[in-house]
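The values are calculated or read from the model by the stated rules, or taken from the named source; none is laboratory data. Since we're looking at a predicted model, the values are computed, not measured. Every residue, glycine as well, gets a Cβ built from its backbone with ideal geometry; the counts of neighbours run over all protein chains shown. For accessibility, only protein heavy atoms count, side chains too; no ligands or nucleic acids. Shrake-Rupley method; radii C 1.70, N 1.55, O 1.52, S 1.80 Å.
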Amino acid sequence: GKTAGAARVASEVDKEIYAHGVSVVEVKRSTGNDMAMVRGSKFNRRITSATPMAFAGPVKGSELVQTRFSPDGMKTRGTNNNCANGYTPWGTYLTAEENFANYFSVGDNPSAHEKRWGLRKGGGGGYRWHEHDARFDAVKNPNEPNRFGWIVEIDPSNPSSTPMKRTALGRVKHENAEVVVNADGHVEIGRA
């Protein structure tokens, strides 16, 4: 987790990057309300701060999300500070990237855009990942924070599927997103 004062150790930062994110776990109901994880299930996987993902929607290909990893702005890596999960009628889940700014460091004079999203000098939130992974240093990689703060769609039934950042749903520090079919058969999306 967060550390203050002491220098960060690269192996700890790497471990944290792979520990943050979303778990997909197959569970099996036993008796009553008891459930247990199905160990070794082909569906069990981690979606982490390093998992390759794709952009969908109006931000896909934008110069604001172009980086060395994806010069065309079509792909990204990772999801952070995920809050809640909303189930969709087609069997996927939506997770919100809420307080993603806590993982990035900016320079001495953050831009208005960086301030708007809560990015702070020195690695807001105390994670200090930027000390060992330049991706989280917004001075060296100014577009990297723009690749977070979206609704991410994950298909739990297809372990080889690529999570999608659904940018048409907006970039806000969301708590949750839920898709429902209303009484007249139309799909409605709610965000909190």
Filtering the stretch 143-169 for residues that are part of a loop (DSSP other than H, G, I, E, B) and closer than 23 Å to Arg120 by Cβ leaves a count of 4
The stretch 59-95 - residue that is open to solvent by 10 Å² or more (accessible area, probe 1.4 Å) and aliphatic (A, V, I, L, M) and, of those, modelled with the lowest pLDDT
Ala84
Name the single residue that is nearest to Gly126 (Cα to Cα) among those in the stretch 96-108 being assigned to a helix (DSSP H, G or I) and open to solvent by less than 20 Å² (accessible area, probe 1.4 Å).
Tyr103
Of everything in the stretch 4-50, what is open to solvent by 40 Å² or more (accessible area, probe 1.4 Å), of a type in the set (Asp, Glu) and in a helix (DSSP H, G or I)? Give them in sequence order.
Glu12, Asp14
Within 23 Å of Arg128 (Cβ to Cβ), under 18 Å from the mean Cα position of the chain (by Cα) and of a type in the set (D, E, K, R): is that true of Lys60 in this structure?
no
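Condition check ((1) free of Cβ contacts under 8 Å to residues at least 12 places away in the same chain; (2) surrounded by fewer than 16 Cβ atoms within 10 Å (Cβ to Cβ); (3) among the acidic types (Asp, Glu)) across all residues:
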| site | (1), (2), (3) |
| --- | --- |
| Phe136 | no, no, no |
| Lys140 | yes, yes, no |
| Pro145 | no, no, no |
| Ile154 | no, no, no |
| Pro159 | no, yes, no |
| Pro163 | no, no, no |
| Ala168 | no, yes, no |
| Val180 | no, yes, no |
Criterion first (open to solvent by 80 Å² or more (accessible area, probe 1.4 Å) and over 22 Å from Pro71 (Cβ atoms)) does Ala112 satisfy it?
yes
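What do you reckon, is Lys140 touching a helix residue (DSSP H, G or I) at 6+ places or on another chain (Cβ under 8 Å), part of a loop (DSSP other than H, G, I, E, B) and at pLDDT below 95?
Working: touching a helix residue (DSSP H, G or I) at 6+ places or on another chain (Cβ under 8 Å): yes; part of a loop (DSSP other than H, G, I, E, B): yes; at pLDDT below 95: yes.
In short, yes.
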